[in-house]
Amino acid sequence: MGSTAGFRRVLLKVSGEGLMGQGEYGLDPATVQRIAGEVKSVHDLGVQVCCVVGGGNIFRGVSGAASGMERAAADHMGMLATVINALALQNAIEQQGVPCRVQSAISMPTVCETYIRRRAIRHLEKGRVVIFAAGTGNPFFTTDTAAALRAVEMGCDALLKATQVDGVYTADPKTSPDAERYERLTFHEVLSRDLKVMDAAAIALCRENRVPILVFDLHQDRAVADVVCGQGRFTIIAEGE
């Protein structure tokens, strides 16, 4: 099966919550394996894949700061949580028979590679999946911003934003049945309408570097491969024509 999407290289952003399954926190092994299978299905199309994972299933810096912890310290704890998730996803992807590397923005050489842009690109060119951990390595930046930054640095054709619903809506469709779904949006529309897709820094990075964002439901089978092939249900955010 060949790729029909025209994407040579993509970045997949998965939230920490996306790894929980039906649990309230932590990692669900079956869910991690299923996501690894999604990554493999895209890799099998001949598309180069890199990933950014969140850490909210283990620790969220914002909530830690809200409880009285210093924000910078809380964010660093959240970054370490993303490393745990990245290692779990790496293990699952390699069990699928796909070579995978983890690169962390916080140096921890006994655990994984330190992020080096040229080395990451070389891994992708050799057909390895690369998972970027520890966000940007700086507090006050979300993993969404890290995903946008890495997508730009890697020269990705698109940023695939995995969510709990099949696109961008005017409101949360789970709590607002009348919410309307968008098929296509511009970056300006996302910012001006204050749509909660990704934070403003991430949207601005993608806008300035013309990296389209495709928002889709991670819970559908072969969701990632369908999006890469231009099939299935998703909302595309890109520059206006």
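Worth a mention:
- Within segment 176-209, restricting attention to residues that are of a type in the set (Ser, Thr, Tyr) and outside any helix (DSSP H, G or I), the residue that is surrounded by the fewest Cβ atoms within 10 Å (Cβ to Cβ) is SER176.
- Residue in segment 42-61 that is in a helix (DSSP H, G or I), touching a helix residue (DSSP H, G or I) at 6+ places or on another chain (Cβ under 8 Å) and modelled with pLDDT under 90 present: yes
- Evaluation of VAL227 against the conditions (1) touching a residue at least 24 places away in the same chain (Cβ under 8 Å); (2) under 19 Å from VAL52 (Cβ atoms); (3) touching a helix residue (DSSP H, G or I) at 6+ places or on another chain (Cβ under 7 Å) shows that the sole unmet condition is (3).
- Residue pairs whose Cβ atoms lie under 6 Å apart, sitting 6 or more positions apart in sequence or on different chains, and linking a residue in segment 15-43 that is aliphatic (A, V, I, L, M) to a partner that is in a loop (DSSP other than H, G, I, E, B), are LEU19/LEU27; LEU19/ASN57; MET20/ASP28; MET20/ASN57; ALA36/GLN96.
- Considered as a group, the residues in segment 210-224 that are closer than 19 Å to LEU45 by Cα, over 13 Å from the mean Cα position of the chain (by Cα) and in contact (Cβ under 8 Å) with a residue 60 or more places away in the chain include one that is surrounded by the most Cβ atoms within 10 Å (Cβ to Cβ), and that residue is ALA223.
- Candidate set from segment 6-30 (those that are surrounded by 20 or more Cβ atoms within 10 Å (Cβ to Cβ) and either modelled with pLDDT of 95 or more or part of a loop (DSSP other than H, G, I, E, B) (or both)); member that is nearest to the chain's Cα centre (by Cα): LYS13
- Residues of segment 140-165 that turn out to be modelled with pLDDT under 95 and surrounded by fewer than 18 Cβ atoms within 10 Å (Cβ to Cβ), as a count: 2
- Selection within segment 218-241 - in contact with a Pro (Cβ under 9 Å, 6 or more places away or on another chain) and within 25 Å of LYS174 (Cβ to Cβ): ILE236, ILE237
- Which listed residue, of GLU125, GLU113, GLU94, is surrounded by fewer than 24 Cβ atoms within 10 Å (Cβ to Cβ) and in contact with a Cys (Cβ under 6 Å, 6 or more places away or on another chain): GLU94
- Any hit, segment 62-76, residues being within 19 Å of the chain's Cα centre (by Cα), farther than 15 Å from VAL130 by Cα and modelled with pLDDT of 95 or more: no
- Residue list for segment 71-80, filter: surrounded by fewer than 24 Cβ atoms within 10 Å (Cβ to Cβ) and of a type in the set (Gly, Ala, Ser): ALA72, ALA73, ALA74
- Count - residues of segment 196-217 that are at pLDDT 90 or above and either touching a Pro at 6+ places or on another chain (Cβ under 6 Å) or more than 17 Å from ARG9 (Cα to Cα) (or both): 12
- Residue within segment 88-96 that is over 18 Å from VAL14 (Cα atoms) and assigned to a helix (DSSP H, G or I) present: yes
- Taking (1) surrounded by fewer than 23 Cβ atoms within 10 Å (Cβ to Cβ); (2) out of contact with any strand residue (DSSP E or B) (no Cβ under 8 Å at 6 or more places or on another chain) in turn, PRO173 satisfies each apart from (2).
The values are calculated or read from the model by the stated rules, or taken from the named source; none is laboratory data. Everything numeric in this text was worked out from a predicted model, so none of it was measured. When we count neighbours, we look across all protein chains shown, and the Cβ atoms used for this are built from the backbone with ideal geometry, even at glycine.
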